[in-house]
Structure formats: structure tokens, C-alpha cells
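FYI, it's all coordinate maths here, none of it is from the lab. Just so it is clear, the model here is predicted, and its values are computed rather than measured. Here Cβ is always computed from backbone atoms with ideal geometry, including for glycine, and neighbour counts include all displayed protein chains.
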Amino acid sequence: MFGNKNKFGKAYSGLEIEDYVLTATEKEAARMEKPLEKKWFDFLWYVVISFVVILGIRVIFLTVIKGPYYQNISKGNSIRNVVIKASRGRIYDRAGVPLVNNVPSIDAVIIPAYLPSDDNKLSEVSVKLGKILSMDENEIKNVLSNKKSKSLNPILLKENISQDESLIILEKKDDLPGVGIEKTA
């Protein structure tokens, strides 16, 4: 059982691994190291090239063919800051006497980014707003034309409108693009 301590025999006794590798015959060296065949390198090369080609085709598809679609979606992903104003109500002094009584009001505002770019439609919006808010059309046109930027921040059109006027604006929201209402304290 423990009689044969050296598997390699007396010829290889005392040799280290490095000595065995350096003194190996051609047949033994071929058995120790099997070279990779060229077909595996070619296969790996074809896999890498096909992967790069597939990625390139996908990039072209997304930028050229689907580009306008994603551009329209990105235009809709705008961020608008909406300030939520706190309703204050009454403010009392230390004796319990009311100092201020804040009354909530409703303001008509425009958002320039949502206004129609066509001048005819813009004049239609100003005519409709003039009738609803009892304002002069030219005054509304001046406010609308001065704010031709694509800002998402609301611009005050008229303060303290009546509840009926605000309901009409909400009702005709589809006919009045870029027009909205804000509640203030």
C-alpha cells in the first residue's frame, strides 16, 4: 500500500515540476499543453463582430427610424414648477382679535409653453378669453404676444376672477390651450 512512494519511478526521482517541464520529450510536451485551434479564434471573432453589428443596427434603428417618436415623447416630459400656496385664513393677535382675514381667490393664468403657435388660433383664444373674463381683446393679445417664450411657469392674466368665470374656463379647457386657473390665499 505505501510501498511505492514515487509514481514516476527512479528516472524522475528528485525532479521538480520545472525540471519535468523543461526536460519533457516532444510527445510529453504535446500531452501537457494542447494548443487552441484556429477555428475557435475565428468563432470568437465572428461572435464579437456579429454582436457589434447587432448593436450598431439597433442604434441606427433607434436614432433614425424611431428618433422622431422619442423626440415627441421627450417634449412631453417637461417639468413645471407648481407652487401650492398655503391657505392662511384668519390671523389673530394674542387677545384673540382678528388682525387679518385672508380670503381665497381664483386667478386666470396662461402657460406660454401650451399656447398655440399659430397666430390665428392665438387670436381665437384671446377673443374667447375676452368674452369670458370681460377684458379687452387687445389687452389679452398684448399679454399673449409678449410672452411668446416656451416657459412652463404660469403668467398672471387676471386676478380675483369670479367662480362662474373660473368654471367656464375649466369647462372650455380644450378650446383654450395654455389657459388655466390658480387658487390663491
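Annotations
- Of all residues in the stretch 108-164 being touching a Pro at 6+ places or on another chain (Cβ under 9 Å) and β-branched (Val, Ile, Thr), the one that is nearest to residue 176 (Cα to Cα): 125
- Filtered by the rule that a residue be of a type in the set (Val, Ile, Thr) and surrounded by fewer than 15 Cβ atoms within 10 Å (Cβ to Cβ), the stretch 126-185 gives a lone residue, 127.
- Number of the exception - residue 98 against (1) under 25 Å from residue 81 (Cβ atoms); (2) in contact with a Phe, Trp or Tyr (Cβ under 6 Å, 6 or more places away or on another chain); (3) free of Cβ contacts under 8 Å to residues at least 40 places away in the same chain: (1)
- Selection within the stretch 72-89 - free of Cβ contacts under 8 Å to residues at least 12 places away in the same chain and closer than 19 Å to residue 154 by Cα: 75, 76, 77, 82, 83, 84
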